[in-house]
1. Relative to the longest principal Cα axis of the chain, at what angle does helix 17-26 sit, 0 to 90 degrees, rounded to 10?
2. For the range 62-140, what's the radius of gyration and Dmax over Cα atoms, in angstrom?
3. Please state the equivalent ellipsoid semi-axes for the chain: what are the square roots of 5 times the Cα gyration tensor eigenvalues, largest first, in whole Å?
4. With axes computed from alpha carbons, what is the tilt in degrees of helix 77-91 against the longest principal axis of the chain, rounded to the nearest 10 within 0 to 90?
5. Evaluate the relative contact order of the chain (contact order divided by residue number), counting alpha-carbon pairs under 8 angstrom at least 6 apart; express in whole percent.
Ligand code: FES
């Protein structure tokens with residue numbers, strides 16, 4: 001388990017968290033290498049089935065991150081995302097997935113350090129939880 005590197009899928013809003021991730025990259029901040037960014041225009045457009053599909057295809061953790069409350073470029077998209085993530089956390093156990101593997105955050109465009117710390121912490125959580133339940137089910 002020592003060399004286990006969890007896959008983290010991060011659905012990030014174009015206007016805030018994606019820019020923060022870009023800033024983290026240009027500032028050469030170190031964060032978990034297995035984070036895969038999926039840029040969406042707003043967290044409000046995130047369909048819950050994208051998250052479930054990510055888990056079923058082997059992601060150990062999923063991050064949904066967008067603009068801070070009140071800063072969404074589409075007014076209330078992040079509030080919609082918050083409701084969907086809350087619902088997803090109730091649904092995930094039915095798929096055998098630990099809800100702790102899903103995280104919602106608000107990271108502003110200038111918060112590159114916060115982005116790096118958040119994805120690193122989530123990768124550590126995923127490492128502690130081990131390979132995803134869906135991945136283990138596929139192996140068996
Ligand atoms: S535009 Fe960033 S969360 Fe809506």
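1. Around 90 degrees separate the two axes.
2. So, for the range 62-140, Rg and Dmax equal 14.5, 46 Å respectively.
3. 24, 19, 10
4. 10 degrees
5. Taking the mean separation of contacting Cα pairs over the length of the chain, I get 37 percent.
A short reminder: the numbers here are calculations on the coordinates, not readings from a lab. In this text the structure is predicted, and so the values were computed from the model without any measurement.
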